[in-house]
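S.K.: There's a structure below that I have some questions on.
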Amino acid sequence: MQRLPARNSILGEGMLIRRALPHKERRLIGAWCFLDHAGPVDISNGDGVRVGPHPHIGLQTFTWMIEGEILHRDSLGYAQIIRPGQVNLMTAGRGISHSEETPAQHSRNVQLAQLWIALPDAKRHIEPAFEHYPDLPRFAMGDFNATLLVGETSGYVSPVRVHSPLVAIDLVTQASATDTLPLQADFEHGVLVLEGSADVEVAGETQTLEAGTLLYLAPGHTILNIKSSSACRLLIIGGKPFEENILLWWNFVGRTREEIAVATETWNSHTAFGKVEGYPGEAIPAPAVPMEIKGSL
Ligand code: MN
C-alpha cells in the first residue's frame, strides 16, 4: 500500500480543492489520470464555481456531484445542470471545449469529485460526446450506502460508458460502519476518504485514512475491509493498469509534445474546439508548452 498525500489549492473565493491525481509518485490508477475533490464549501456569499471555456483532448471528464449544482456547457451545444447523485461524462476524443459554473439558483453548499480518464490510443481520436447520468445503481454494501459510478461490482453494472476496464464506487455512512468490498484482482485501486475518516485493511495491513490522502493498492487483492467509527464518505477507484505512455499537460492528454503544442495553438487561435455558447465570461487561454513535458510516465 502506498499513501499519496493530495495537494491543496484554492479555487475562486475559498473553495478548497484536493488534487490526489496525478501525483509525482503515481500518475495513473487504471486509466484514471486526474482526481480533484472540491469542497464541501458554503458558497452563499460568493460566486461559487466559475470555470470559463477551455478545451480537452484525449480524455473523458467525469464529474460526480455530491452537494449543490453545476451547470455544464460545451461546444456540442449541451447545457446541463448536474445535481447530487448524478454524473456528467464528457468524452473529449479529438477535441471539445466546455465551461462549468454555479447556476443562478443553487444550494448553499457545493462538493464534487472531478476525474479524468485517459482514452486508449484506439479511442482517443473519436468524435466528442456528452452524456448525463441522472440515475446510477444504489445499494447497501455492508453498513454503507453505495453508488456504483463506473464498472461492475456485486452484480450491479453502471451505465456510464468508458473505454477501458474501470471501476468507481462512492460509499457513505452517517454512523459507524463496516464493509468487506470485493476487488477485482487484475485491477489496481485507489481509496480516497472524502469526509470523515476510515480504517482500511488489505492483506492484514491497516491504514487509517482521513480526507486528503489517497491510498494506492497494487493489483492482486480481492478483498478490502473498511471500518468507520462515525459519519464518513469514501471514493474507491480502480482499473486495469494502463500500459500506454501518456503525456498530460494542462487540459490535454496526448502521446507526443507535438500534438499537445498543436492543440495549444489551435485553441489559442480559435481554429478548433468549437465554441461554448452562453458562458458569462472569458475563455481560458492555454499556457505555453514547455520543451519537455514533465507529466510523462
Ligand atoms: Mn474541463
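The values are calculated or read from the model by the stated rules, or taken from the named source; none is laboratory data. Predicted, not measured: the structure shown is a model, and the values here were computed from it. Because the Cβ atoms are built from the backbone with ideal geometry, glycine has one as well, and the counts that use them run over all protein chains shown. For the accessible areas, the whole protein counts, side chains as well, though only heavy atoms, and no ligand, DNA or RNA atoms are used. Shrake-Rupley method; radii C 1.70, N 1.55, O 1.52, S 1.80 Å.
S.K.: Here is a check on your reading of the model: is residue 148 closer than 17 Å to residue 65 by Cα and within 19 Å of the chain's Cα centre (by Cα)?
M.R.: So residue 148 fits the description; yes.
Conditions (1) modelled with pLDDT of 95 or more; (2) open to solvent by less than 20 Å² (accessible area, probe 1.4 Å); (3) part of a strand (DSSP E or B), marked per residue:
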site	(1), (2), (3)
172	yes, no, yes
206	yes, no, yes
221	yes, no, no
234	yes, yes, yes
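S.K.: Which pairs have Cβ atoms under 6 Å, sit 6 or more apart or on different chains, and link a residue in the stretch 257-275 that is assigned to a loop (DSSP other than H, G, I, E, B) to one that is modelled with pLDDT of 95 or more and of a type in the set (A, V, I, L, M, F, W, C)?
M.R.: From the stretch 257-275, the pairs are 273/267.
S.K.: For residues in the stretch 35-66 being part of a loop (DSSP other than H, G, I, E, B) and surrounded by 19 or more Cβ atoms within 10 Å (Cβ to Cβ), which is farthest from the ligand (Cβ to nearest atom)?
M.R.: 43
S.K.: If I go through the stretch 143-163 residue by residue, how many of them are touching a residue at least 24 places away in the same chain (Cβ under 8 Å), surrounded by fewer than 17 Cβ atoms within 10 Å (Cβ to Cβ) and small (Gly, Ala, Ser)?
M.R.: Here the count works out to 1.
S.K.: Residue pairs, Cβ under 8 Å, 6 or more apart or interchain, first in the stretch 39-62 and closer than 23 Å to residue 262 by Cα and of a type in the set (Gly, Ala, Ser), second part of a strand (DSSP E or B) and more than 9 Å from the ligand (Cβ to nearest atom). List them.
M.R.: Filtered contacts from the stretch 39-62: 58/118; 58/252; 58/253; 58/254.
S.K.: Which of the following residues is open to solvent by 30 Å² or more (accessible area, probe 1.4 Å), modelled with pLDDT of 95 or more and within 16 Å of the ligand (Cβ to nearest atom): 73, 83?
M.R.: Numbers: 83 fails: within 16 Å of the ligand (Cβ to nearest atom).
Sole residue among the options that is open to solvent by 30 Å² or more (accessible area, probe 1.4 Å), modelled with pLDDT of 95 or more and within 16 Å of the ligand (Cβ to nearest atom): 73.
S.K.: Under 8 Å between Cβ atoms, which residue pairs at least 6 apart in sequence (or on different chains) link something in the stretch 241-256 that is closer than 11 Å to residue 118 by Cβ and within 16 Å of the ligand (Cβ to nearest atom) with a partner that is of a type in the set (Gly, Ala, Ser) and in a strand (DSSP E or B)?
M.R.: Pairs that qualify, where the first residue is closer than 11 Å to residue 118 by Cβ and within 16 Å of the ligand (Cβ to nearest atom) and the partner is of a type in the set (Gly, Ala, Ser) and in a strand (DSSP E or B), are 248/118; 253/118.
S.K.: Which residue pairs have Cβ atoms under 9 Å apart, sit 6 or more places apart or on different chains, and have a first residue in the stretch 113-137 that is in contact (Cβ under 8 Å) with a residue 24 or more places away in the chain and farther than 14 Å from residue 80 by Cβ and a second that is open to solvent by 70 Å² or more (accessible area, probe 1.4 Å) and within 15 Å of the ligand (Cβ to nearest atom)?
M.R.: Correct list of pairs: 128/76.
S.K.: Go through the stretch 103-115 and report how many residues are within 15 Å of the ligand (Cβ to nearest atom) and open to solvent by less than 10 Å² (accessible area, probe 1.4 Å).
M.R.: Final tally of qualifying residues: 2.
S.K.: A further question follows. Can you tell me how many residues in the stretch 28-51 are touching a Gly at 6+ places or on another chain (Cβ under 7 Å) and modelled with pLDDT of 95 or more?
M.R.: Within the stretch 28-51, residues that are touching a Gly at 6+ places or on another chain (Cβ under 7 Å) and modelled with pLDDT of 95 or more number 4.
S.K.: Right, something else. Consider residue 15 carefully, then state whether it is within 16 Å of the ligand (Cβ to nearest atom), modelled with pLDDT under 95 and closer than 23 Å to residue 209 by Cβ.
M.R.: Judged against the criteria, residue 15 is a match.
S.K.: Scan the stretch 19-34 residue by residue and report those that are without any contact (Cβ under 8 Å) to a residue 24 or more places away in the chain and either open to solvent by less than 10 Å² (accessible area, probe 1.4 Å) or not in a strand (DSSP E or B) (or both).
M.R.: 24, 25
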